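Below: the structure, in structure tokens.
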Amino acid sequence: MLFNSLDFAVFLPIVFVLYWFVFKPRKQQNMLLLVASYVFYGSWDPRFLSLIVISSIIDYWVGLKLAREEKAAIRKRLLAISFVANLGMLAFFKYFNFFIEGFTDTFSFFGLSMASSQLNIILPVGISFYTFQTLSYSIDIYRKKFEPTQDVISFFAFVSFFPQLVAGPIERANRLLPQFHHDRSFNQANATSGMRQILWGLFKKVVIADSCGVLVDAIFQDHQQLTGGILILGAVLFAFQIYGDFSGYSDIAIGIARLFGFDLMRNFANPYFSRNVAEFWRRWHISLSTWFRDYLYIPLGGSKGSVSRQLRNVFIIFIISGFWHGANWTFIAWGAIHALYFIPTMLIGRNRKYLSVVAESRAFPSLYELGQMLITFTLVTVAWVFFRSASINDAFSFLNNALQLHQLDSFTTDLLNYGKGYNVFLTFALLIVFIWFEWLGRSQEHTLEVLKHKPAVLRYSIYLVVWFCILFTGNYHSPQDFIYFQF
Amino acid sequence: MRLFLRKLIKFIILFLLVGVVFGYGVDFVFKRDHTDKIAWINQLENQNYDYAFLGSSRVANMTDTRILDDLTGKKGINLGVGGADLRLNYLNLEVFLSQGNGVNSIYLQVDPFAIYTNDQYNVPVYDHYFYDYQSAEPIYQALAEHRQPPLLKLNRLFPLIRYIEYNKVYKLTSLIRSLSGAEGQYSTAGFEGAGSSSLTQVQTNWEELVYREVSEQNEKYLMKIINLCQSNNIRLHLYSAPILRYEEFLSTKYPNFISLMENLAGKENLIYTNLMQQDSLNQLQLWKDMIHLNHEGVKIYSQLIATALLEHKLTASP
């Protein structure tokens, strides 16, 4: 059930009405959320439900046992159970074929033949997200930073909470779980803001991401026959496609949660307005990067210790972050490239330099800031080519062809061929408007909050225009999946 | 909660009001689009023709009615639509006749891959052109096969739904073109033109065009066309257009097709003419692909049809 589908448009109001008007006691509301979340998740494939239930049962039990156990060795074993269960599921469903292929290739390299058989495994939607969410619960209890819950319904609802189940934000137990233990009251301002956030999230996904995606798919598919400007355009459009897709989903998830009185963490903070790569990683997929920081980077020593140790830690984090995205060397390469970008900023001490919003309280950035943003965007886009390409060879071939800029005369022809006339210009026009709005809203919690105190006529006019853009751009016969569902 | 619901309801009402007005406005503009073949056919009114050709792209792009008119001295129209199945042909004909248009003879092009099961041609992608005509019972019945009746009525009352659902067809470019009032290439004859590219080698893989069972839907709509013509005193003729090297490549895939058509024609007292194998069209340079003639091929073929019409070969009694 996609957020931008008619099924969900029917599902959400029903759950909303039942939640606030029928099942008013908190425990009943939690039960409703649990059932609704399982219906939501089961709509993809009912078999997926067994995995999330197993993960929930194991971590619920581990949490309770950890709280009662004082012996270090047994506590470690309990935590290991949680790790093995969650990461084991993830490893099997996501990485089994990758590892088999790796073993086979390694054996072949040494002249040994190895009979291998790959399994036809369906990747359960959202498994990378909810396994990390439940792991954080077990780890925080192990570290004695959090008390386990006795309320099984609350815990299961926390794990499966439908707005953020399949593509994040990856919530921490100490942030989201207590919200299930407290009564929620309807807050008009919060809900209205949530609706604005949902609207902008849909705009980012349906209008920006899916429009860019049409051209991106065509360009990447034919990249071996193309050169120069059209390939650069393809890479840039992919940067906007993945941002619109993923941050759009997060906005919709956060907005929906607010309708039910929940506060989810911000997952994107205008990352393309970053002044260096370090700032980019403080603004992109914040829930994942902070998860890795807290549960991997800091335990490894973080930025303490020798330079070589710090470099090692940075590489490990970025490579694992890349690997989290998928079982392909391209994702690992993407992570490694970002590590190479990040390390210089760390070595010269600029990785914590830009903590505030760019050009805060100014209408426009300075030329220097603009230059910084463009350079950062360029570096990030180059890395995206690896993320998008089917193989490392394809990525290098794409970049090599993209640098053949002497063939600029064919750019216009290629543009019209791939863009099919006005649709290209429409996509560009929408991108410009989109970037302008994102710039205006960069200091806000989410972009459309910038309209909060504007006159009603202006607000409603913009809402209508945004809605009509969504309606006239979307694909309602076969809605496009969100990119991050594949992770 | 009350304030939130009030704001939400206010917005929904505003959206519906603007949507209704905008929808009717957009509907008015799109109906003026003469560059879209189905929309063009649907806006023809009170015209009279001696003959009409009806079928898929093998009519739309292969039958140059201007050549036929010149050679026969008659007035004809090309009602072929690319990708059309017999159901769409029927809907087109229903609307065409209901708009006061008259025709003496219809030549319906039937292919083996149109009458047999064909998933590609059975998808109702063109139904939205006919939502405004659903007050006519036959059209309503046809549309209701693929869409729930309440949704059909909603589409009629609120045209905006149609343009949202089919926004890949009704794009901004289409809106601009409609607003500009650009004339399509159909003028009064309906011929859509053929390309100039030609084949360099014969395609030997026909599997994608081979289907095994006669489609119930296609049979049903063929009978509806036959009955519609009979009730309107229109002489209907069935034929199959040329296919490059038909006997060499495709005839064995559909061994029963010709006898099926001849039996059907005989039963309904119609003529079926098999034009699939034409030696004068056996050269690669006359074809865009195995089933579509190019510009040069269409000239020869249209003259061939004109001659057949003049010599009553397409109208000869069985």
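The values are calculated or read from the model by the stated rules, or taken from the named source; none is laboratory data. Predicted, not measured: the structure shown is a model, and the values here were computed from it. Quick reminder, even Gly has a Cβ in these numbers, built from the backbone with ideal geometry, and neighbours come from all protein chains shown. Ligands, DNA and RNA are excluded from the accessible area calculation, which covers all protein heavy atoms including side chains. Shrake-Rupley method; radii C 1.70, N 1.55, O 1.52, S 1.80 Å.
Ignoring ligands, DNA and RNA, how do B:V125, B:V81 rank by accessible area with a 1.4 Å probe, largest first? Numbers along the way, then the final one.
Numbers: B:V125 70, B:V81 5 Å².
Ranking B:V125, B:V81 by accessible area, largest first, yields B:V125, B:V81.
Return the FRET efficiency for the residue pair B:H295, B:N227: r is the Cβ-Cβ distance, R0 is 41 Å, and the value is rounded to the nearest 0.05.
Details: r = 37 Å, r/R0 = 0.89.
Once the sixth-power term is evaluated, E becomes 0.65.
Using the basic label-point model (7 angstrom from Cα toward the beta carbon), what is the A:F428 to A:F96 distance in nanometres?
That separation, rounded to one decimal, is 4.9 nm.
Could you work out, for segment B:31-182, what percent of all Cα-Cα pairs fall into each 5 Å distance bin, beginning at 0 Å and stopping at the bin that holds the largest distance?
Calculated over all Cα pairs of segment B:31-182, the distribution is 2, 9, 16, 20, 21, 16, 10, 4, 1, 0 percent.
Per residue of the protein assembly as shown, what 222 nm ellipticity follows from adding -39500 (n - 2.57) for every DSSP H run with n ≥ 4, rounded to the nearest 500?
After summing the helix terms and dividing by the residues of the protein assembly as shown, the value is -18000 deg cm²/dmol.
Probe 1.4 Å, all protein chains in place: accessible area of A:H446 in Å², nearest 10?
Accessible area, nearest 10 Å²: 10 Å².
What Kirkwood radius, in Å to one decimal, follows from the Cα pairs of chain B?
21.1 Å
Mean Kyte-Doolittle hydropathy of -0.5 or higher plus an axial Cα length of 18 Å or more: which whole DSSP H helices in chain A meet both?
Span-like helices here: A:26-42, A:48-68, A:72-90, A:96-109, A:127-142, A:188-202, A:229-259, A:307-325, A:329-347, A:367-388, A:422-440, A:456-473.
Shielding by partners for A:468-474, please: the mean number of other protein chain Cβ atoms within 10 Å of each residue's Cβ.
Details: counts 6, 0, 1, 8, 9, 5, 4.
Counting other chains' Cβ atoms within 10 Å and averaging over A:468-474 gives 5.
Size of segment A:137-253 along its principal axes in angstrom, Cα-based, largest extent first?
Principal extents (Cα only, largest first): 60, 37, 19 Å.
Which of the trypsin sites (Lys or Arg not before Pro) found in segment A:1-87 are in a DSSP loop and have at most 13 neighbouring Cβ atoms, other than their own, within 10 Å?
Sparse-neighbourhood loop trypsin sites (Lys or Arg not before Pro): A:R47, A:K71.
If I take R0 = 30 Å and measure r between the Cβ atoms of B:K31 and B:I258 in this structure, what FRET efficiency does the formula 1/(1 + (r/R0)^6) give, to the nearest 0.05?
After rounding, the FRET efficiency stands at 0.15.
Counting heavy atoms of the protein chains only and a 1.4 Å probe, report the per residue accessible area for chain A as a whole number of Å².
That works out to 44 Å² for each residue.
Can you check how the C-alpha radius of gyration of segment A:234-347 compares to 2.2 N^0.38 Å, as a plain ratio?
In units of the 2.2 N^0.38 Å rule of thumb, it is 1.15.
Could you work out the local net charge near A:H223, counting Lys and Arg as +1, Asp and Glu as -1, over the other residues with Cβ closer than 15 Å to its Cβ?
-3
What lysines does A:K204 reach when the alpha-carbon gap must be under 25 Å and sequence neighbours fewer than 8 apart in one chain are set aside?
Of all the lysines, those that pass the test against A:K204 - Cα under 25 Å, at least 8 places apart if same chain - are A:K420, A:K452, A:K454, B:K7, B:K10, B:K168, B:K171.
Which listed residue (A:A218, A:A80, A:V166) has the Cα farthest towards the positive end of the charge dipole for chain A, taking +1 on Lys and Arg C-beta and -1 on Asp and Glu C-beta about the Cα centre?
The one lying farthest along the dipole's positive direction is A:A80.
FRET efficiency for B:V214 and B:E248, Cβ-Cβ distance as r, R0 = 35 Å, nearest 0.05? Walk me through the numbers on the way to the answer.
Numbers: r = 24 Å, r/R0 = 0.68.
My answer for the efficiency is 0.90.
Keeping every protein chain in place, order B:F28, A:F48 by accessible area at 1.4 Å, biggest value first, i.e. largest first.
B:F28, A:F48
Given the options B:F53, B:F15, B:F249, state which has the largest fluctuation in a GNM of chain B using a 10 Å cut-off (strictly under) for Cα springs.
Most flexible of the set in this elastic network: B:F15.
Roughly how many Å² of A:D45 are accessible to a 1.4 Å probe, to the nearest 10?
So the heavy atoms of A:D45 present about 20 Å² to solvent.
How far is it, in nm, from the label point at A:R47 to the one at B:K10 when both lie 7 Å from their Cα along the line to the Cβ?
5.1 nm
How crowded by other chains is B:167-174, given as the mean number of beta carbons from other chains within 10 Å of each beta carbon?
Rounded to a whole number, the mean comes out at 4.
What range in chain B is the longest one free of GluC sites (Glu not before Pro) that are in a loop by DSSP and have at most 11 other Cβ atoms within 10 angstrom?
With GluC sites (Glu not before Pro) excluded where exposed in loops, chain B gives B:46-144 as its longest stretch.
Could you compute the longest span of chain A free of GluC sites (Glu not before Pro) located in DSSP loops and having at most 16 other Cβ atoms within 10 Å, not counting the site residues?
After excluding every exposed loop site, the longest remaining stretch is A:71-359.
Can you tell me the length gained on complete extension of the stretch A:K27 to A:L347, counting 0.36 nm per residue apart and subtracting the Cα distance?
This chain segment gains 110.1 nm when fully extended.
Which order do B:M62, A:M1 take by accessible area at a 1.4 Å probe, largest first?
Listed by decreasing accessible area, they come as A:M1, B:M62.
Treating each Cα of segment A:1-112 as an identical point scatterer and ignoring solvent, apply the Debye formula and state log10 I(q)/I(0) at q = 0.11, 0.18, 0.20 Å⁻¹.
-0.63, -1.01, -1.06
Give, as a single signed number, the net charge of other residues whose beta carbon lies under 13 Å from the beta carbon of A:W467, with Lys and Arg counted +1 and Asp and Glu -1.
Values: positive: A:R196, A:R459; negative: none.
With Lys, Arg at +1 and Asp, Glu at -1, the net is +2.
Accessible surface of A:F268 in the full protein assembly, 1.4 angstrom probe, to the nearest 10 Å²?
Result for A:F268: roughly 20 Å² accessible.
Could you state the orientation-averaged shadow area of the convex hull built on the Cα atoms of segment A:139-190, in nm² to one decimal?
Result: a mean projected hull area of 4.5 nm².
Take A:Q404 and A:H182, extend 7 Å from each Cα along the Cα→Cβ direction, and tell me the distance between the two endpoints in nm.
Simple spin-label model gives 6.0 nm for this pair.
If you take the Cα Rg of chain A and divide it by 2.2 N^0.38 Å, with N the number of residues, what do you get?
Taking the Cα Rg and dividing by 2.2 N^0.38 Å, one obtains 1.00.
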